[in-house]
Amino acid sequence: MSDVMKKSGFPYAFNPSACETCEGRCCTGESGYIYVNKQEIKNISTLLKMEEKEFVAKYLFKKMYKYSLKERKVLKEGTSIDSYECIFYDAASNGCTIYEVRPLQCRTFPFWDYYKTRVEELKLECPGITDE
Ligand code: SF4
Ligand code: SF4
């Protein structure tokens, strides 16, 4: 049975088995924002057994009126080009260290409204994207 995912209104499908070999492209690469809301801040702090204030200071930064997870600057393998990865991405295990409480933005990727009309751009980012 295929585990390819589809979502109504989106002109593409997603095969999650691609994540096994992709090396977390959606958690790494160009710098971006990974927004977290109040409830997510609470959930992640709880998972990490941290006070919310301490968690905010250590792992978040403010972008306008929202909070985003911080990133780490890393060198793209074999190059001198800067790349970025989410502070909670673990390259050794190719996974998210807060997976069970990861933000909605991460849970809903690659089915973001932004990509409805930008499928070719999404295909370059995510190898799990296939035509419907
Ligand atoms: S970019 Fe796509 S294939 Fe790669 S980890 Fe993210 S969702 Fe999975
Ligand atoms: S929180 Fe987890 S899933 Fe979201 S970008 Fe960071 S490492 Fe990736």
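I'd like the accessible area for residue 99: 1.4 Å probe, protein heavy atoms, all chains in place, Å² to the nearest 10.
So the heavy atoms of residue 99 present about 130 Å² to solvent.
Give the Cα extents of the chain along the principal axes, in whole Å, largest first.
Per principal axis, max minus min of the Cα coordinates gives 44, 38, 31 Å.
Cα to Cα, under 18 Å, and not fewer than 8 places away if on the same chain: which aspartates and glutamates meet these conditions relative to residue 38?
51, 52, 54, 100
Hey, with R₀ at 22 Å, roughly what FRET efficiency would residue 117 and residue 7 work out to, going by the Cβ-Cβ distance, to 0.05?
Between residue 117 and residue 7 the formula returns 0.90.
Taking the Cα centre of region 4-81 as origin, work out the dipole magnitude from +1 charges on Lys and Arg Cβ and -1 charges on Asp and Glu Cβ, in debye rounded to 20.
Working: 15 positive and 9 negative charges, 66 e Å.
Computed charge dipole of region 4-81: roughly 320 debye.
Multiplying the sequence separation of residue 132 and residue 25 by 0.36 nm and subtracting their Cα-Cα distance, what value in nm do you get?
Details: separation 107, 0.36 × 107 = 38.52 nm, distance 2.15 nm.
The residue 132-residue 25 span can extend by a further 36.4 nm.
Could you check how much of the accessible area of the chain is carbon and sulfur, as a whole percent, using a 1.4 Å probe?
On the way: 4780 of 9080 Å².
Solvent-exposed carbon and sulfur of the chain make up 53 percent of the total.
For the pairs 6/116; 6/63; 63/123; 42/66, note any where the Cα-Cα span goes beyond 21 Å.
The pairs that break the limit, which is 21 Å between Cα atoms, are 6/63; 63/123.
Tell me the Rg and the Dmax, in Å, that the Cα atoms of region 1-59 produce.
Final numbers for Rg and Dmax: 16.4, 46 Å.
Rounded to the nearest 0.05, what FRET efficiency do residue 18 and residue 39 give with R0 = 25 Å and r taken as the Cβ-Cβ distance? Could you check?
About 0.25, to the nearest 0.05.
Can you list, largest first and rounded to whole Å, the semi-axes you get for region 36-109 by taking the square root of 5 times each eigenvalue of its Cα gyration tensor?
Listed largest to smallest, the semi-axes of region 36-109 are 23, 14, 12 Å.
What do you get for trypsin sites (Lys or Arg not before Pro) in region 38-132 restricted to DSSP loop and a cutoff of at most 16 other Cβ within 10 Å of the site's Cβ?
49, 70, 76, 118
What length, rounded to one decimal in nm, is gained on full extension from residue 83 through to residue 63, with 0.36 nm per residue of separation minus their alpha-carbon distance?
5.2 nm
As a test question: what accessible area, to the nearest 10 Å², does residue 5 have when a 1.4 Å probe is rolled over all protein chains in place?
Result for residue 5: roughly 90 Å² accessible.
Taking Cα pairs under 8 Å and at least six residues apart, what relative contact order does the chain come out at, in percent?
Once divided by the residue count of the chain, the mean separation gives 35 percent.
For region 58-97, list log₁₀ I(q)/I(0) at each q in 0.26 Å⁻¹, using the Debye formula over Cα point scatterers of equal strength and ignoring solvent, two decimals each.
-0.91
Using the Cβ atoms and a cut-off under 9 Å, what net charge is assigned to the surroundings of residue 11, where Lys and Arg are +1 and Asp and Glu are -1?
Working: positive: 116; negative: 131, 132.
Local charge sum for residue 11: -1.
The values are calculated or read from the model by the stated rules, or taken from the named source; none is laboratory data. In this text, all values refer to a predicted model and were calculated from it rather than measured experimentally. In this analysis, Cβ positions are derived from the backbone assuming ideal geometry, glycine residues included, and neighbour counts consider all displayed protein chains. Heavy atoms of the whole protein, side chains included, go into the accessibility calculation; ligands, DNA and RNA do not. Shrake-Rupley method; radii C 1.70, N 1.55, O 1.52, S 1.80 Å.
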